[in-house]
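Q: Quick one: the structure is below, questions incoming.
The values are calculated or read from the model by the stated rules, or taken from the named source; none is laboratory data. Computed from a predicted structure; not experimentally measured. As a convention, Cβ positions derive from the backbone with ideal geometry for all residues, glycine included, and neighbour counts pool all protein chains shown. The accessibility values were calculated without ligands, DNA or RNA, using every heavy atom of the protein model including side chains. Shrake-Rupley method; radii C 1.70, N 1.55, O 1.52, S 1.80 Å.
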Amino acid sequence: MQSLNPLEAAPRAMAQIQKGALLTVASGDARNVMTIGWATIGFCWRKPILMVAVRNSRHTFPLMESAADFSVSVPTGDLKEALAFCGTRSGRDVDKFQALGLKTRESRRVQSPVIDSPAIHFECRIVFKAPMDPRHLDDDLAGLYPAKDYHTLYFGEILACYES
Ligand SMILES: Cc1cc2nc3c(=O)[nH]c(=O)nc-3n(C[C@H](O)[C@H](O)[C@H](O)COP(=O)(O)O)c2cc1C
């Protein structure tokens, strides 16, 4: 495990996140993993921040609402099958960890585990969240929400960042 400065790792991480990364969240005894493609990494409130966007139609959404934290594992090896599966199948219907034989590793700083595969891992504590208000959405983007299942934006303080 090599510790990384999250803001220095951001360009490399973002290049892959656009193609897919794994968001893992645990709350109480429940946990889930889903593919994300939208995120930002930056600096706000004097902290390094990773923001993820989760539609309220996802099984992940109620878990994010009750969780204190989440992790994002950005694959550096071949996780194509897992990214496709976790991006099309819902934790409502299937335990994706079990179905894929996807192993997790205990996080250093948060309750949500990270994926035990070659990756850049971000452990994040939720410090702010904001459900999208469509009244403030640019008309050009409204077409992304035909079902009106808007995203909630979760801002996580990056407490640990490392490469496995
Ligand atoms: C490449 C890719 C990127 C995705 N990015 C996001 C995202 O950023 N936010 C989101 O809400 N859904 C995203 N999805 C869709 C979810 O991963 C998908 O709906 C998943 O089945 C939700 O799982 P869940 O119901 O277990 O939460 C993406 C899917 C793919 C394939």
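Q: Tell me which residues, restricted to segment 84-104, are near the ligand (Cβ under 7 Å from one of its atoms) and more than 17 Å from the chain's Cα centre (by Cα).
A: ARG92
Q: I'm told HIS59 meets every condition in (1) within 24 Å of SER164 (Cα to Cα); (2) free of Cβ contacts under 8 Å to residues at least 60 places away in the same chain; (3) surrounded by 14 or more Cβ atoms within 10 Å (Cβ to Cβ) except one. Can you identify the failing condition by its number?
A: The failed condition is (1).
Q: GLU81 fails exactly one of the following numbered conditions: (1) assigned to a helix (DSSP H, G or I); (2) within 11 Å of the ligand (Cβ to nearest atom); (3) more than 14 Å from the chain's Cα centre (by Cα). What is the number of that condition?
A: For GLU81, the exception is condition (2).
Q: Could I ask something else about it? Going by the conditions given, is PRO75 open to solvent by less than 30 Å² (accessible area, probe 1.4 Å), within 16 Å of the ligand (Cβ to nearest atom), under 13 Å from LYS19 (Cα atoms) and not hydrophobic (A, V, I, L, M, F, W, C)?
A: Considered against the rule, which asks whether it is open to solvent by less than 30 Å² (accessible area, probe 1.4 Å), within 16 Å of the ligand (Cβ to nearest atom), under 13 Å from LYS19 (Cα atoms) and not hydrophobic (A, V, I, L, M, F, W, C), PRO75 comes out as yes.
Q: Would you call VAL25 surrounded by 22 or more Cβ atoms within 10 Å (Cβ to Cβ), more than 11 Å from the ligand (Cβ to nearest atom) and β-branched (Val, Ile, Thr)?
A: For VAL25, the condition - surrounded by 22 or more Cβ atoms within 10 Å (Cβ to Cβ), more than 11 Å from the ligand (Cβ to nearest atom) and β-branched (Val, Ile, Thr) - is not met.
Q: Shifting gears a bit: From the residues in segment 131-164 that are hydroxyl-bearing (Ser, Thr, Tyr) and assigned to a strand (DSSP E or B), which one is nearest to VAL74 (Cα to Cα)?
A: That would be TYR162.
Q: Failed condition for ARG108, given (1) assigned to a loop (DSSP other than H, G, I, E, B); (2) in contact with a strand residue (DSSP E or B) (Cβ under 9 Å, 6 or more places away or on another chain); (3) within 15 Å of the ligand (Cβ to nearest atom); (4) not hydroxyl-bearing (Ser, Thr, Tyr), with all others met?
A: The single condition ARG108 does not satisfy is (3).
Q: Taking only pairs six or more apart or across chains, which ones have beta-carbon atoms under 9 Å, a first residue in segment 6-33 that is within 18 Å of GLU157 (Cα to Cα), and a second residue that is part of a helix (DSSP H, G or I) and among the charged types (D, E, K, R)?
A: Filtered contacts from segment 6-33: SER27/GLU65.
Q: Could you please let me know if ALA26 is small (Gly, Ala, Ser) and not in a strand (DSSP E or B)?
A: Values: small (Gly, Ala, Ser): yes; not in a strand (DSSP E or B): no.
Taking the combined requirement at face value, the residue does not satisfy it.
Q: Quick test for you: out of ALA9, ALA15, pick the one residue that is open to solvent by less than 40 Å² (accessible area, probe 1.4 Å), outside any strand (DSSP E or B), of a type in the set (Gly, Ala, Ser) and closer than 17 Å to GLU163 by Cα. Full working, then the answer.
A: Values: ALA15 fails: open to solvent by less than 40 Å² (accessible area, probe 1.4 Å).
It is ALA9.
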